[in-house]
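Q: Encoded as structure tokens, here's the structure I'll be asking about.
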Amino acid sequence: MITSQHVLYAGGYAPADQAGIHGCIFDDATGDLTVRGSFAGIVNPSFLSVHPNGRWLYAVSETSRQKDGTPGAVWALRYTDEPWSMEPINHQMSGGDWPCHLDINSTGQWLLVSNYGSGTVSVLPILPDGALGEITDLIQHYGSGPKSERQEGPHVHSATFTPDQRFVMVADLGIDTLVVYAFDSSAGLLREPTHTSTRPGAGPRFKIFHPSGQRVYVDNELDNTVAVYDYDAESGRLRELQIVETLPPDAPESTVAGIQISPSGDRLYVSNRGHDSISIFEIEADGRLTRLAIRPCGGRCPRDIAISPSGHFLLVANQDSDEVVVLPVLDGVEALGAPVSRIIALGASCVHFVKV
């Protein structure tokens, strides 16, 4: 049955005694976003990932020894939609400080955790009941970058499985490097790394594959660019194709954050914190980008974005506004309209659709 109703989860920076995870229903025909229920009990559940079975959700607890007195953790939770409910299954240490990103492989057996503060990436097994097992691999990066305030050491910002699940691609903001590991799915181990350097001081943050699987788009947080790479699925290696600016030269101080591609593969969206905008690019036939427009994000500090399944709406987690807003996707150079719906979400930092 085809429906316009979709389940979405939003996470944010919230103390344990306030709701930091929100279960929502999104109407992809009208853009209406409503909260079905909220969950408290986790400190700073700033990034979420939903299991392929649609019944379990995983959330970081973005904390650090130095600031919070406890290292980072990752939680497993089970939920139901009718009626809405959520309860914890268990939690494990994340393998470092300030865990900021999660990814689950297509079989639902393995979870990747990126620990920004420590510059580590860890692998945890997902057990048959949804609980998290103990870490099976923990990789420590080393090095630094030219921008000493942000690149004094390694800062793993995201680790994601490649479309064929054979490799794991890690973006390390602190050392200006994309590291690709072969993934041993029988043991949950990362092996045989290859390294691709970005421009010095770029600070790679997130990356996303084109639906074709042939190209990767990486947003570089510190120099406000998007880099386009050809991807060799056989070897896992990258070849730089293009680098484009997300903002005009006279823009105020800003850093990029979220990145998404439309379901049809013809548009790319990047959020700009500080400039408080969304940059929209057309994706050409050869994978290169042409900037189409820059539009307001509907709030302050757009930390994450998600494109609706139809591609007709862009949802923005505006952290400093404590909101998730819905922007309609428009044709031509207009590109995005003003918000048509919004919800309150303390320290909004992640929006994640449940795929069905």
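The values are calculated or read from the model by the stated rules, or taken from the named source; none is laboratory data. Since the model is a prediction, treat every value here as computed from it, not as a measurement. Don't worry about glycine lacking a Cβ; one is built from the backbone with ideal geometry, like all the others, and counts go over all protein chains shown. SASA here: full protein model, heavy atoms, side chains in, ligands and nucleic acids out. Shrake-Rupley method; radii C 1.70, N 1.55, O 1.52, S 1.80 Å.
Matching residues to (1) under 29 Å from Pro193 (Cα atoms); (2) of a type in the set (Phe, Trp, Tyr); (3) surrounded by 23 or more Cβ atoms within 10 Å (Cβ to Cβ):
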site	(1), (2), (3)
Asn220	yes, no, yes
Gly236	yes, no, no
Gln242	yes, no, no
Pro249	no, no, no
Thr255	yes, no, no
Ile261	yes, no, no
His275	no, no, no
Glu282	no, no, no
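Each row is one residue, and each column tells you yes or no for (1) without any contact (Cβ under 8 Å) to a residue 24 or more places away in the chain; (2) in contact with a His (Cβ under 6 Å, 6 or more places away or on another chain); (3) not in a strand (DSSP E or B).
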{"site": "Pro163", "(1), (2), (3)": "no, no, yes"}
{"site": "Met169", "(1), (2), (3)": "no, no, no"}
{"site": "Leu178", "(1), (2), (3)": "no, no, no"}
{"site": "Tyr181", "(1), (2), (3)": "no, no, no"}
{"site": "Pro200", "(1), (2), (3)": "no, no, yes"}
{"site": "Arg205", "(1), (2), (3)": "no, yes, no"}
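Q: Free of Cβ contacts under 8 Å to residues at least 60 places away in the same chain, under 21 Å from Val354 (Cα atoms) and touching a Phe, Trp or Tyr at 6+ places or on another chain (Cβ under 9 Å): which single residue out of Leu102, Leu111, Leu48, Leu33 fits that description?
A: Leu102
Q: Can you give me the ranges of the strands (runs of 3 or more DSSP E) entirely in the stretch 1-105 with at least 1 residues that are buried (at least 18 other Cβ atoms within 10 Å of the Cβ), touching a helix residue (DSSP H, G or I) at 6+ places or on another chain (Cβ under 7 Å) and basic (Lys, Arg)?
A: Working: elements: 5-12, 21-27, 33-39, 48-50, 56-61, 73-81, 84-93, 99-104.
In the stretch 1-105, no matching strands (runs of 3 or more DSSP E) lie anywhere.
Q: Would you confirm whether or not the stretch 236-253 contains a residue that is farther than 18 Å from Asp276 by Cβ, free of Cβ contacts under 8 Å to residues at least 60 places away in the same chain and part of a loop (DSSP other than H, G, I, E, B)? Steps first, please.
A: Filtering the stretch 236-253 down to residues farther than 18 Å from Asp276 by Cβ leaves 236-244.
Next, from what is left, pick out any that are free of Cβ contacts under 8 Å to residues at least 60 places away in the same chain: 237, 239-244.
In the following step, the residues that additionally are part of a loop (DSSP other than H, G, I, E, B) were identified as 237.
Yes, the conditions are met somewhere in the stretch 236-253.
Q: Specify the residue that is nearest to the chain's Cα centre (by Cα); the eligible residues are those in the stretch 133-156 that are surrounded by 22 or more Cβ atoms within 10 Å (Cβ to Cβ) and within 19 Å of Ser94 (Cβ to Cβ).
A: Looking at residues that are surrounded by 22 or more Cβ atoms within 10 Å (Cβ to Cβ) and within 19 Å of Ser94 (Cβ to Cβ), I get Val156.
Q: Quick check on Ser349: is it closer than 19 Å to Gly274 by Cα and either part of a loop (DSSP other than H, G, I, E, B) or within 14 Å of the chain's Cα centre (by Cα) (or both)?
A: Considered against the rule, which asks whether it is closer than 19 Å to Gly274 by Cα and either part of a loop (DSSP other than H, G, I, E, B) or within 14 Å of the chain's Cα centre (by Cα) (or both), Ser349 comes out as yes.
Q: Please specify each residue of the stretch 208-218 satisfying the condition of being open to solvent by 20 Å² or more (accessible area, probe 1.4 Å), in a strand (DSSP E or B) and either closer than 28 Å to Glu253 by Cα or not basic (Lys, Arg) (or both).
A: Selection gives Ile208, Phe209.
Q: Taking Asp230 as the residue in question, decide whether it is open to solvent by 10 Å² or more (accessible area, probe 1.4 Å), assigned to a strand (DSSP E or B) and either touching a strand residue (DSSP E or B) at 6+ places or on another chain (Cβ under 9 Å) or closer than 22 Å to Val123 by Cβ (or both).
A: yes
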